[in-house]
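Below is one structure; the comments refer to it alone.
What follows is calculated from the coordinates using simple rules that are stated; it is not laboratory data. Nothing here was measured: the structure is a model prediction, and the numbers come from that model. Neighbour counts run over all protein chains shown; Cβ positions are idealised from the backbone, glycine included.
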Amino acid sequence: MSKRDYYEILGVDRQAPADEIKRAFRKLAIQYHPDKNPGDAEAEARFKEAAEAYEVLSDDQKRANYDRFGHDGVQGGSQFGGFEDIFSAFGDIFGGGSIFGDIFGGGGQTRQKGASLRCELAIDLNECLTGTEKTIGLKRRVACETCDGSGAKPGTKPQTCSMCRGAGQVSQTQGFFTMRTPCPRCHGEGTIVKDPCAKCSGHGRVIRKTEVTVKIPPGLDEGMEIRIPGEGEAGPGNAPPGDLYCRIRIKPHKIFSRQGEHLFVEFPISFPQAALGADIEVPTLTGSKTVPVPAGTQSGEIIHLGGQGLPRPDGYNRGDLLVQVMIETPKRLSSEQEELLREYAKLDEANISPKRQSFFDKVKSILGQ
C-alpha cells in the first residue's frame, strides 16, 4: 500500500514554514490522541501517520530529501516503536517530557524557563552594509550568587513539597483527560524554602544591571529581530534563562532611501547634461562612482548601479543602487543664457521631437481636427 504525501497528511502546502507545520501536527495529534479515542484503530493509525510526517518535515535535511526524492529519499519511515516513543520524541512541542505535557498529563516536573526580554537597536545604512556590534545595558533577574539560585539560606536546602512530591504539578482526571495544574502549595516549584536566603528573600533571583554585546549581521531590515539565546531573565529554581530579542530599527539617511536590498537616490542634472549626455559622480555607501548619462535622458529615468546596494539577509549577493535623474530647471538666467534658450526655443518649434509630435497628433484626433 502506497504512503500518503506527508504534506497532505498534515494539511499544509509544500512551502509551509516550520512553525505552520508544527501547528498542523499539534492539531492532528490532539485530535487523534489515543486517550481521546480509546479502542479506535483508525484514530491510532492517523496519529502514527501524522507523527511520521512531522518527524520528516520538521527536519531540514529529511525534508529536503523528501521534497527531491519523495518517500524513497527517507527510507525507513518512522523510527517509533509505539506511543511512548512518539510522546518522548516531540516533548518540545507541548513542553515537559511528553508530547502532550500538561494537556494530557505525564512527563514529570517541567522546569519553567526564565522570561524572555526585548529591546530595540537603531543602526544606520553603513552598519547595514558591513554588520556591526552593539553593547546594550539591561536590568534583568539573575541567579542569586549568595544561594546559587536555590532561594535557601546558605547551608540549607529547599525541601521537597509534600503535596506534589516534587513534581510541581497536581493531577485531576476528568473522563479521558488528565489535567495537570501547578501545585498550589509550592506554586509549581516542586520544593519549599523553609529558611530563605536574606539576599534574595527566598526567590533565588535578584535584579542586576548587566551588559550584553549583540552581533548584528549585514543586510538586516527594519523590524527584523535578532535572538540571543540565554540572555533573558534567569528561570526560577535555577531553571534555564530566557532569550533576548532585539528588534532592528534603521535610522533615516540624508541621501539614500531603502527598498529591500536596493538603495534609491534622486540625482539632479541640468538640461544640457540630459540632452547631450554626460558623466556624473554619484555617491554610494563606499564612495563615489562615475556614471554615464546617455544623451536624450528624460527626467525621472532610473540608472542601475549593480551591486551597490545592501547585502541580502541570507548573505547572497548585494542589491543595486537606483539613481533617478531629475532634470533641474534654473530659476535665474543670465541675459546670455536667456538669449540662447530663446533661440533654441525657436528652433525647437520648427523641429518637434517624435514623442511630442505623437502627443500632438493624439490631441488633434481627440478634438476632431
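Among all the lysines, which ones have a C-alpha under 20 Å from Lys153's C-alpha, if same-chain residues fewer than 8 places away are not counted?
Lys194, Lys199
Exposure proxy check: Lys113, Lys346, Lys27 ranked by fewest other beta carbons within 10 Å? Could you put the intermediate results ahead of the total?
Values: Lys113 17, Lys346 10, Lys27 13.
Listed from fewest to most nearby Cβ atoms, that is Lys346, Lys27, Lys113.
Out of the stretch 247-346, which GluC sites (Glu not before Pro) are coil in DSSP terms and have no more than 16 other C-beta atoms within 10 Å? Provide the component values of the computation, followed by the final result.
Details: sites: Glu261, Glu266, Glu281, Glu301, Glu328, Glu336, Glu338, Glu339, Glu343; in loops: Glu261, Glu301, Glu328.
When the GluC sites (Glu not before Pro) of the stretch 247-346 are filtered for loop state and at most 16 Cβ neighbours within 10 Å, Glu301, Glu328 remain.
Excluding residues fewer than 8 places away in the same chain, name every one of the lysines whose C-alpha is closer than 20 Å to that of Lys251.
Correct list for Lys251: Lys134, Lys215.
Starting from 0.36 nm per residue, how many nanometres of slack lie between Glu301 and Ser335 once their C-alpha separation is accounted for? Could the numbers behind the result be given before it?
On the way: separation 34, 0.36 × 34 = 12.24 nm, distance 3.07 nm.
The Glu301-Ser335 span can extend by a further 9.2 nm.
Starting with the fewest neighbours, write out Ile255, Ile280 ranked by other beta-carbon atoms found within 10 Å of each beta-carbon. Can you show the working numbers first?
On the way: Ile255 13, Ile280 17.
Ranked by crowding around the Cβ, least crowded first: Ile255, Ile280.
Which order do peptides 120-131, 11-22, 194-205 fall in by mean Cβ count within 10 Å, highest first? Working shown, then result.
Details: 120-131: 15.7, 11-22: 13.0, 194-205: 17.7.
By packing density, highest mean first, the sequence is 194-205, 120-131, 11-22.
Within 10 Å of each residue's Cβ, count the other Cβ atoms and sort Ser288, Ser257, Ser58 from fewest upward. List each step's numbers first, then the result.
Working: Ser288 10, Ser257 13, Ser58 16.
Taking fewest neighbouring Cβ atoms as first place, the list is Ser288, Ser257, Ser58.
I'd like the GluC sites (Glu not before Pro) in the stretch 215-250 restricted to DSSP loop residues with at most 14 other Cβ atoms within 10 Å, sorted by number. Please list the in-between numbers first.
Working: sites: Glu222, Glu225, Glu231, Glu233; in loops: Glu222, Glu231, Glu233.
Answer by residue number: Glu222.
How many angstrom lie between the Cα centre of the stretch 317-347 and the Cα centre of the stretch 195-239?
Going from one Cα centre to the other spans 58 Å.
Just to confirm the filter: which trypsin sites (Lys or Arg not before Pro) across the stretch 221-312 are DSSP coil and have at most 12 other Cβ within 10 angstrom of their Cβ? Spell out each step's value before the answer.
Working: sites: Arg227, Arg247, Arg249, Lys254, Arg258, Lys289; in loops: Lys254.
Sites meeting the loop and neighbour criteria: Lys254.
Taking the Cα-to-Cβ direction at Lys209 and at Leu276 and moving 7 Å from each Cα, how far apart do the two end points lie in nm?
About 6.4 nm, to one decimal.
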